[in-house]
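Here is the structure we will look at.
All of the numbers you see were taken from the coordinates with simple rules; none came from a lab. Just so it is clear, the structure is predicted and the values come from calculations on it, not from any experiment. Every residue, glycine as well, gets a Cβ built from its backbone with ideal geometry; the counts of neighbours run over all protein chains shown.
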Amino acid sequence: MSLIIADKTFNSRLFLGTGKFSSNKIMEEAVLASGTELVTVALKRVDLKKENDDLLKHLKHPSINILPNTSGVRTAEEAVFAAQLAREALETNWLKLEIHPDPKYLMPDPFETLKAAEKLVKLGFVVLPYIHADPVLAKSLEDAGVAAVMPLGSPIGSNKGLKAKDFISIIIEQSNVPVVVDAGIGAPSHAAEALEMGADAVLVNTSVAVASDPVSAAKAYKMAVIAGRLAFEAGLARESDTAEPSSPLTKFLSEE
Amino acid sequence: MFLDVLEKYDWNKIKQDIYSKTEKDVLLALNKPKRDLEDFKTLVSPAAFPYLEQMAKLSNKLTQKRFGKIIQLFIPLYLSNYCVNECVYCGFNCHNDIERIILDEEQILNEVEAIKSYGFEHILLVTGEAPSIAGMEYFERVIKLIKPYFALISMEVQPLEASEYIKLKKLGLNTVYIYQETYNKESYKKFHGKTKKSDFAYRLHTPDRLGKAEMHRIGIANLLGLEDWRTDAFFTALHLKYLEKKYWKSKCSISFPRLRPHKGSFKPEFSISDAELVQLITAYRIFDEEVELSISVRESRKFRDNVVKLGITSMSAGSKTKPGAYALNYNALEQFEVFDDRTPSEVVDMIKSKGYEPVWKDWGYYMQL
């Protein structure tokens with residue numbers, strides 16, 4: 001079953017980031033090998049004035065949609081300003097909303113993110129906010145009209161996997177919009193785990209970009225995401241903490 | 001303010017700590033998931049020196065994880081070499097008999113044109129300290145003038161007030177570099193005579209003022225050559241941690257200004273070898289995975305080529321340290337002698353040959369209001 005976010009249908013549930021690669025050419029090869037249909041691009045990295053920005057040039061493929069992100073801004077006001085310029089220059093109203101006033105751990109600011117999301121939705125953007133795995137915030141953003149929520153698995157770039165698993169599973173359970181696990185995914189098994197849990201997609205960057213062979217890493221993620229989703233749809237038997245009693249405790253009800 | 005923190009530490013005691021670290025301390029520090037200031041002492045200690053290759057490998061891994069396989073590029077634009085200070089180690093020293101220049105708007109635009117032809121988007125504005133000639137009014141004018149041409153504007157000038165930093169930030173300033181030169185109060189006095197710069201505390205509190213102004217990035221450093229580098233590095237690291245924790249919205253950057261030959265007669269009393277500088281760079285990275293580490297053209301080609309993989313995240317290229325030198329394309333007297341005099345495109349080719357992406361642009365006027 002394919003994934004629908006706003007007006008777009010995705011066959012791949014793997015989204016990729018485009019930073020940190022050793023060259024734009026290798027980035028392009030990894031993107032194509034991953035089968036992804038949505039890649040995020042940092043607005044600060046691209047030249048909005050130039051028509052032939054080198055990074056964007058490498059992403060011009062019919063299957064690839066661009067998701068500009070606001071990484072680097074510290075306030076809602078700055079995010080809205082950057083988003084409007086991006087919409088004009090890149091001709092897309094899709095936006096990955098990232099507001100992290102903390103440049104060290106790049107922790108998303110919940111207050112400013114909600115404020116910006118409300119504004120951007122009103123301005124007609126398809127907003128995908130990057131957030132902490134905070135179920136209340138996810139619901140508030142859903143109420144504000146975002147197209148999906150993107151909770152972090154772990155601190156960005158940490159490769160630590162789904163440290164926020166318990167909270168992500170609450171978000172998945174409660175959400176009426178797609179849930180994309182973003183940040184912290186450091187191995188294909190982490191991606192598979194997120195999909196098995198019922199996440200609608202994952203976004204990966206560092207783990208692919210910094211791998212010795214980014215193209216093979218991209219392929220591994222492609223397979224992991226397919227496997228994870230298939231497992232979710234198959235309805236795997238849940239693991240259980242308690243042993244099943246061998247003689248049923250309610251057998252007496254059917255006894256004469 | 002940072003002086004209160006600094007005064008809790010005794011220079012000689014710290015130095016003694018560093019020099020008495022053992023191999024056991026080194027192994028412990030290298031194998032921890034996160035390192036504290038005590039570990040930093042170990043990492044810069046003589047005991048860690050035999051572990052340089054291991055430190056380099058770890059630094060390489062940690063840097064790639066955080067920053068990726070990229071190197072950011074910037075170029076300094078020297079606006080003025082007027083200076084009221086008499087820093088014995090600097091070519092701009094007011095007693096040095098050099099031609100003094102301050103660029104006017106037309107000259108600046110000529111420089112900008114030359115710089116832009118190389119491809120730069122990140123620019124560093126530099127002046128000596130002469131507020132009556134190159135002061136706030138001049139800085140405001142220059143930033144307004146060059147803003148349309150650059151994605152990121154940095155500055156390395158005399159210390160300013162927080163309110164002045166706020167003003168310049170609103171005009172588009174992103175980063176301020178301010179080096180304490182040395183954290184040893186007595187040595188600081190010795191090197192800075194009776195000039196304006198001799199106020200140790202005022203200079204020391206510049207990053208505090210920058211933090212209060214919520215400057216996007218604050219660059220700090222100690223000069224390598226004024227004091228025992230290991231001990232000075234500890235205090236720089238202490239300053240770094242203080243800033244990161246207190247002014248959490250500002251990014252921090254560390255530079256490695258190693259004293260080079262210049263006009264004047266100063267011979268550094270404390271030297272640092274190439275291998276020791278590698279130890280220092282990798283020690284910072286292992287200690288702080290998120291801090292930006294920057295290297296200038298003061299260093300040799302060979303050294304710069306090889307530190308691309310060792311933890312450095314940004315470098316200057318094609319720098320000329322005499323005001324007006326880009327447009328006129330001359331290389332005469334400078335603040336310090338440039339060691340790596342390759343053109344920007346040669347540096348770009350070198351970075352690519354190392355398997356790294358040279359990044360010209362990592363900011364934009366639309367990123368800060």
A careful count of residues in the range B:1-53 that are outside any helix (DSSP H, G or I) and among the polar types (S, T, N, Q) gives 4
> With respect to A:T206, is the statement that it is out of contact with any Leu (no Cβ under 7 Å at 6 or more places or on another chain), of a type in the set (V, I, T) and surrounded by fewer than 18 Cβ atoms within 10 Å (Cβ to Cβ) true?
Replying inline: no
Taking the range A:83-102 and keeping residues within 11 Å of chain B (Cβ to nearest Cβ), closer than 14 Å to A:I156 by Cα and crowded, with 19+ Cβ neighbours inside 10 Å leaves A:H100
Of A:A227, A:A218, A:A191, A:A211, the only residue that is part of a helix (DSSP H, G or I) and either more than 22 Å from A:K20 (Cα to Cα) or without any contact (Cβ under 8 Å) to a residue 12 or more places away in the chain (or both) is A:A227
Counting only residues in the range B:248-300 that are within 14 Å of chain A (Cβ to nearest Cβ) and assigned to a loop (DSSP other than H, G, I, E, B), the one farthest from B:D228 (Cα to Cα) is identified as B:K249
Over the range A:117-172, the set of residues outside any helix (DSSP H, G or I), among the small types (G, A, S) and either over 13 Å from A:K96 (Cβ atoms) or free of Cβ contacts under 8 Å to residues at least 12 places away in the same chain (or both) is A:G124, A:A133, A:G145, A:G153, A:S154, A:G157, A:S158, A:G161, A:A164
Screening B:E227, B:E276, B:E269, B:E289 for residues that are surrounded by 23 or more Cβ atoms within 10 Å (Cβ to Cβ) and either in contact (Cβ under 8 Å) with a residue 40 or more places away in the chain or in contact with a helix residue (DSSP H, G or I) (Cβ under 9 Å, 6 or more places away or on another chain) (or both) leaves only B:E227
Could you tell me whether B:S294 is of a type in the set (S, T, N, Q) and more than 18 Å from B:L73 (Cβ to Cβ)?
-> no
Those residues of the range B:352-362 which are in a helix (DSSP H, G or I) and facing chain A (nearest Cβ under 10 Å) amount to B:K352
Conditions (1) touching a helix residue (DSSP H, G or I) at 6+ places or on another chain (Cβ under 9 Å); (2) surrounded by fewer than 22 Cβ atoms within 10 Å (Cβ to Cβ) -> B:K170 fails only (1)
Here the qualifying pairs (Cβ atoms under 8 Å; residues six or more apart or on different chains; first in the range B:108-121 and in contact (Cβ under 8 Å) with a residue 40 or more places away in the chain and more than 14 Å from chain A (Cβ to nearest Cβ); second crowded, with 20+ Cβ neighbours inside 10 Å and assigned to a helix (DSSP H, G or I)) come out as B:N110/B:Y326; B:E111/B:Y326; B:A114/B:Y326; B:I115/B:Y326; B:Y118/B:P344
Expected single match for surrounded by fewer than 20 Cβ atoms within 10 Å (Cβ to Cβ) and either out of contact with any Leu (no Cβ under 9 Å at 6 or more places or on another chain) or within 22 Å of B:I71 (Cα to Cα) (or both) among B:S154, B:S132 is B:S132
Scan the range B:67-81 and tell me whether some residue there is within 14 Å of another protein chain (Cβ to nearest Cβ), in contact with a strand residue (DSSP E or B) (Cβ under 9 Å, 6 or more places away or on another chain) and assigned to a helix (DSSP H, G or I).
yes
